[in-house]
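A short worksheet on the structure shown next.
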Amino acid sequence: MRFEIGESKTISGEEEGYYAIRGVNYLTSIANDGDITDNDAQYGILDLGGSSTQIGVPHKGKKITKDSTTVYSFLSMGMEKMREAVEKNYSPAERAPCFFDQFEHPAQSESPYKCIEMIETQMKAVASNPASTEMSQSWMDLAVADIKFIAVSGYLYVTDFARHLLIHANNEISYNSYLQNYPWPSVNDIEVAAEKICKVAWSSVKDMHESNRHQFTSKTKLPHRCFEMNYIASLLSMYTVPKEERNVWFTDEIGGSEVEWPIGQWVLDHDQTMFIEGQREMLKAAEKEL
């Protein structure tokens with residue numbers, strides 16, 4: 001089999017978000033026995049990495065085009081960057097609620113702050129931050145509250161770890177609402193689950209990791225999962241995702257296919273091919289009539 005090498009280029013974050021939106025809507029349509037050419041927007045995309053985070057919002061009910069999607073990429077707003085900002089600006093005693101019990105400090109109760117409060121303060125300090133008044137208006141204008149989202153990468157790794165810990169933490173904690181609703185928990189579920197897992201003693205978390213390791217969590221990431229769960233709750237609240245609604249699906253797979261932006265590129269190419277072939281058939285039919 002021979003392959004021809006075509007043009008290659010680096011795509012922007014906005015293009016990647018656009019292709020991701022096309023991809024997830026294609027996959028959900030197939031999973032629900034829909035038509036593969038049906039590109040009416042149903043789902044947006046949420047992505048979270050160590051250095052940056054991204055949200056892609058389709059204009060609901062419209063065909064998916066670059067003009068009918070809005071993608072924001074926020075540099076320095078990833079999980080690692082935000083944790084580093086909190087660590088820089090708060091002492092171990094102050095930031096204790098953002099980490100597992102007795103991880104850095106013997107008593108979380110001595111801190112005058114809640115973890116989400118510290119995170120939101122740091123989010124607002126970032127230049128061109130997504131928590132600004134201007135951006136808050138953008139979320140409302142985009143009707144984010146009316147959109148369902150697929151949440152991938154860090155969103156999945158962290159929230160699935162919380163599920164894992166709630167199940168395996170030696171009866172130290174339980175939160176049935178989160179476990180029953182996952183992978184579609186509400187923001188309220190996430191906030192309460194974050195508070196629950198952060199109260200687990202660090203020694204118990206390490207013991208669980210040794211005996212029943214979570215598939216998405218390495219030894220180096222283990223201490224950060226408490227903070228990251230709080231950060232996810234903060235991000236979703238900032239995006240004006242309704243706290244009581246279960247509008248976010250945390251997954252990296254739909255209908256047996258991985259959620260990856262190249263699927264959206266393939267769908268676009270497929271649609272263009274179908275259009276061109278349709279045009280050719282119309283020309284052939286017109287030529288026969290001559």
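Kindly list the residues of the range 44-82 that lie in the label zone of Asp146, defined by a backbone N under 12 Å from the point 7 Å along the Cα-to-C-beta vector.
59-62
Using the Cβ atoms and a cut-off under 12 Å, what net charge is assigned to the surroundings of Ser186, where Lys and Arg are +1 and Asp and Glu are -1?
Working: positive: Lys243, Arg246; negative: Asp189, Glu191, Glu244, Glu245.
So the surrounding residues net to -2.
Quick one: of Lys88/Lys148; Lys221/Lys243; Lys62/Lys196; Lys66/Lys221; Lys63/Lys124; Lys60/Lys199, which pairs are farther than 31 Å apart, Cα to Cα? Intermediate values should be presented prior to the final figure.
Working: Lys88/Lys148 35 Å; Lys221/Lys243 27 Å; Lys62/Lys196 40 Å; Lys66/Lys221 36 Å; Lys63/Lys124 34 Å; Lys60/Lys199 39 Å.
Flagged as over cut-off: Lys88/Lys148; Lys62/Lys196; Lys66/Lys221; Lys63/Lys124; Lys60/Lys199.
Using a cut-off of 14 Å between beta-carbons, work out the net charge of the residues near Thr251 (Lys and Arg +1, Asp and Glu -1, Thr251 not included).
Working: positive: Lys148, Arg163, Arg246; negative: Asp47, Asp160, Asp252, Glu253, Glu258, Glu260.
My count for the surroundings of Thr251 gives -3.
FRET efficiency for Lys206 and Lys124, Cβ-Cβ distance as r, R0 = 45 Å, nearest 0.05? Mind showing how you got there, number by number?
Numbers: r = 34 Å, r/R0 = 0.75.
With a Förster radius of 45 Å, E is 0.85.
Sort 145-155, 206-216 by packing, meaning the average of other beta carbons within 10 Å per residue, with the highest value first. Don't jump to the answer; show the numbers that get you there.
Working: 145-155: 20.7, 206-216: 13.8.
Ranking, from highest mean packing down: 145-155, 206-216.
What is the Cα convex hull volume of the range 13-251 when expressed per residue in Å³?
On the way: hull volume 28.9 nm³, N = 239.
Taking only Cα atoms, the range 13-251 has a hull volume of 121 Å³ per residue.
FYI, it's all coordinate maths here, none of it is from the lab. As the structure is a computational prediction, the values presented were derived from the model and not from experiment. A quick note on method: Cβ atoms are made from the backbone with ideal geometry, for glycine too, and the neighbour counts reach across all protein chains shown.
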